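The values are calculated or read from the model by the stated rules, or taken from the named source; none is laboratory data. If you're wondering where the values come from, they're calculated on a predicted model, not measured in any experiment. FYI the Cβ positions are ideal-geometry reconstructions off the backbone, even for glycines, and counts take in every protein chain you see. SASA here: full protein model, heavy atoms, side chains in, ligands and nucleic acids out. Shrake-Rupley method; radii C 1.70, N 1.55, O 1.52, S 1.80 Å.
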Amino acid sequence: MDVKPTIKKNNNITCNIAFTRYEIVKHVGEKIFGWKLSNDEEDEKWDILWTDCAVPPEKLAKMHPYQKINHFPGMYAISRKNYLAMNLSKLKKKFPNEYNFFPRSWLYPCDLNDLKLFMQNKKNCYLIVKPEASCQGRGIFLTKKLDSIDPNGRFVVQEYLNKPYLIENLKFDLRIYVLVAGCDPLRIFVHEDGLTRFATEEYSKPTQNNFEDMCMHLTNYAVNKNNPNFVHNEDPDDDDSGHKRSLQSTYDHLSEMGYDVEALKKSIDDSIIKTLCSIQPTLAHHYRSCQPEDTANAMCFEVLGFDVILDSKGRPYVLEVNHTPSFTTDSPLDWKIKKHVIRDALVLMNITSRERKAYLKKQKELILKRAVTGKLEKDSKEERQIKSNLLKQKRDRWEQKHLGSFRKIYPSESTEVYQKYINYANDMYQEWTGGNLAKSKKVLIQEKEKEREREREKIPRKVQSVKDVKEQKKHQIIEKNKDDEIMRTRCSSIPILVSPTETERPNNTVFERLSKPSIKKYKSSRAPIFPPLVYYDDNNKPINAKQLHPTARIINGYFDSKALINRNIGFKMMAPKVFQFVFEKNSDGQ
Ligand code: ADP
């Protein structure tokens, strides 16, 4: 049922749609909200940017506080199959009875031993094998034999749920639209509208004869639409026929069959919250390191597509989370449902031009003040906290009145129940990134420093001889070695929570983590850490490095960072324009 919101059109708002291919997004922006659309990739003067790609932290770091973007940096931690499996499995180890809403999963080849053990005990069990970074059912297959999996590939392998709930003998999955409106703290909404996608061949348990029939075992629209059996839904009001139906039609069906739909929705909501709790610290870390001054917690929002399957008892399992759920509108039903979801999400995000005007006015005042006083005024921590609380209250009021067809699932009265998952995920995140180690090192150094201070206060000052200083240095080295030893013992007492086979670190995460805080560090670092790629001689003429004598070195050489940028994207942020470095002559004098 559509709850139509009242929307005041506002052509003072610019929505950049240069990075989206979805017509429905443009339609909602222009026709429903009356916004100006900008199709210019270079244009930075937008109020809202809707993109179909993940957002790197640098993008968020460059944004003004009034701007909004439809992704959170770090959402890959659940939107990529391997990270989702990894993150949920970690929490499952700690909370086995609470994190049991997704199929048992293994990362291949990392978890091969575990997988072999599982298969030894369950002889007739089918596995579903998914390439770790694929989508739309591409490359997915069923198997009982581990040796049929490419040993050089990287997959997520799952226990195949072979007793799904069937409607008209067909397997189906539910597409639930979830709005994450803030990450620190989390704000989560679930839309009442959604889709049910059906397989196009009647279901039977996987056997030697049918395990390759993807139109029986997969419910992806992309797979099934090519089957001649596929029936398109032509009438948006007739939402319970064809192979793509509304979510509501399935709820109605389940209700008719005597299922408690409200309990089912609660159970789905619970799985969604738990999934997001598992990565809240990752999202918050990215957000805060990119926008440390932000008080509104509203610069990013994201419409996620949760794929949920029901087993024969009507129990939901989360299969996948899509960070860019398809907003293609192949049928009138698609158009209707996706329009409602996007519209209601944008209403909830309360995009106005007031914030931009207020921000620009404040910036002007600050610049003027700075010109007079020479100081840049900044809000104190307390002031920021007060502002943040006020904004939160204002936002709560807005959201309460403008839910549309969304229901708020987090925070709620039962928020406290979920805090332990976030806390644990946070501990895991600190382990992962070495945050705990850094913290305990810092604490140890501070403790030592205080101790030394106390010692110094006790001893009356006297003039030190060279011998004394040498002795003192020696003592300091011994003390440092002791500290290191303590650190080693402390670290070894930290339980290894990630098995050695699971220690794959996402490269981009490391880069993302390094990118912002490390800019200063690398700016001041010395050139030799970079490969000398292009040099200029004293007359500023470039020298081709290949033409140089192999033993030659450059005197007063210049290093061109552009070449580096092309070669190594990882240093893009860090490389200053030009490095100058002086090299000595080689011993053979060239
Ligand atoms: P993709 O991103 O390629 O769509 P999914 O993980 O969503 O990959 O899987 C595609 C389809 O395969 C699902 O829509 C579902 O029908 C089926 N499927 C996936 N995992 C399982 C599972 N563990 N048990 C049963 N069916 C599954």
- Message: If I take every Cα pair under 8 Å that is 6 or more residues apart in segment 225-355, average their sequence separation and divide by the length, what percent do I get for the relative contact order?
- Response: 25
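Against the globular-protein guess of 2.2 N^0.38 Å, express the Cα radius of gyration of segment 14-53 as a ratio, rounded to two decimals.
Numbers: Rg = 9.1 Å, N = 40, 2.2 N^0.38 = 8.9 Å.
Taking N as the residue count of segment 14-53, the ratio is 1.01.
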- Note on the structure: With a Förster distance of 30 angstrom and the Cβ-Cβ distance between residue 42 and residue 376, calculated FRET efficiency to the nearest 0.05 equals 0.55
- Which percent of the accessible heavy-atom area of segment 14-53 goes to carbon and sulfur, probe 1.4 angstrom? 46
- Task: Report, ordered by chain and residue number, the aspartates and glutamates lying within cross-link reach of residue 8, taken as a straight Cα distance under 18 Å and ignoring same-chain residues fewer than 8 apart.
- Result: 30, 47, 344, 355, 399
- Item | Given 244/336; 92/225; 4/265, the pairs whose alpha carbons are separated by over 24 Å | 92/225
- Item | Relative contact order for segment 14-53, counting Cα pairs under 8 Å that sit 6 or more residues apart, in percent | 62
- Message: Just to verify a number: what accessible area does residue 46 come out at with the full protein assembly present, 1.4 Å probe, Å² rounded to tens?
- Response: 0
- Query: Say the cut-off is 27 Å between C-alpha atoms; which of 62/90; 266/339; 369/401 go over it?
  - Reply: 62/90; 369/401
- Note on the structure: Spelling it out for residue 315: with amide H atoms placed in the peptide plane at 1.01 Å from N, the residues 5 or more places away or on another chain with amide H under 5 Å from its amide H are none
- Could you go through segment 280-290 in sequence order and give the Karplus-derived ³J(HN,Hα) for each residue, using 6.51 cos²θ - 1.76 cosθ + 1.60 with θ = phi - 60°, rounded to whole Hz, and x for Gly and Pro? 3, x, 5, 4, 5, 4, 4, 5, 5, 6, 7
- With a 10 Å radius around each residue's Cβ, average the other Cβ atoms per peptide and rank 223-236, 309-322, highest first. 309-322, 223-236
- Before anything else, pin down the relative contact order of segment 157-230: Cα pairs under 8 Å, at least 6 apart, normalised by residue count, whole percent. 28
